[in-house]
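The numbers here are math on the coordinates, done by the rules we state, and not lab data. Remember, predicted model here, so these are calculated numbers, not experimental data. Cβ sites come from the backbone with ideal geometry, for glycine too, and all protein chains shown count toward neighbours.
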Amino acid sequence: MGDLTLKTELIVDKLFEEEEEEDSLDVDSGGSQEDEVARNVAQCLRKLGDEYNAMIESHIKKLKPELNHLAKKQSIEMFSSMVSELSNNSEMQTYRQQLGFEMTLLKIAVTLGLGIVKESPSLLPTVKNAMVNFINSKLLSWVQHSGGWEKACSL
């Protein structure tokens, strides 16, 4: 799983790079095959997360007072708690039944992470770290059993 752990970090990096490049026409097509795969998975995750944007944005506004805590030591636990809170929301129950628990958590984590950084750009390094930690601790075995990131993303 060591490779998947490192790949998760690369994918999360690409996810936020894509966010920064979204307004720019200067997209770098160079890089290794691994970078290209990570970029493709990040794009897929972004599309998955886009479905939840409207629903999660309203919750991010409610959680805004808690965002200050993300900058402190407990950022990983706080991010995980926010994802859990959102996944247990009654609005999410239908999605959990349709997509499965792990895919729903992944979609929420991606949307929440992107939304927090949009709301508070200074939290980017903290959010990236918290997302990588959350995914690696809660979802990595599911990714592995799905056949890796490329296959998990296409489920």
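What nm value, rounded to one decimal, do you get for the distance between Q74 and E150 when each label is placed 7 Å out toward the C-beta?
4.2
So which of K107/K151; K47/K118; K118/K151 end up more than 19 Å apart, counting from Cα to Cα?
Violating the 19 Å limit, Cα to Cα: K118/K151.
For the range 73-135, state what percent of all Cα-Cα pairs lands in each successive 10 Å bin, counting from 0 Å until the bin that includes the largest distance.
23, 53, 22, 2
Across the range 109-126, in residue order, what do the Karplus-derived ³J(HN,Hα) couplings come to in whole Hz, using 6.51 cos²θ - 1.76 cosθ + 1.60 with θ = phi - 60° and x for Gly and Pro?
4, 5, 5, 5, x, 5, x, 5, 5, 5, 6, 9, x, 5, 8, 3, x, 5
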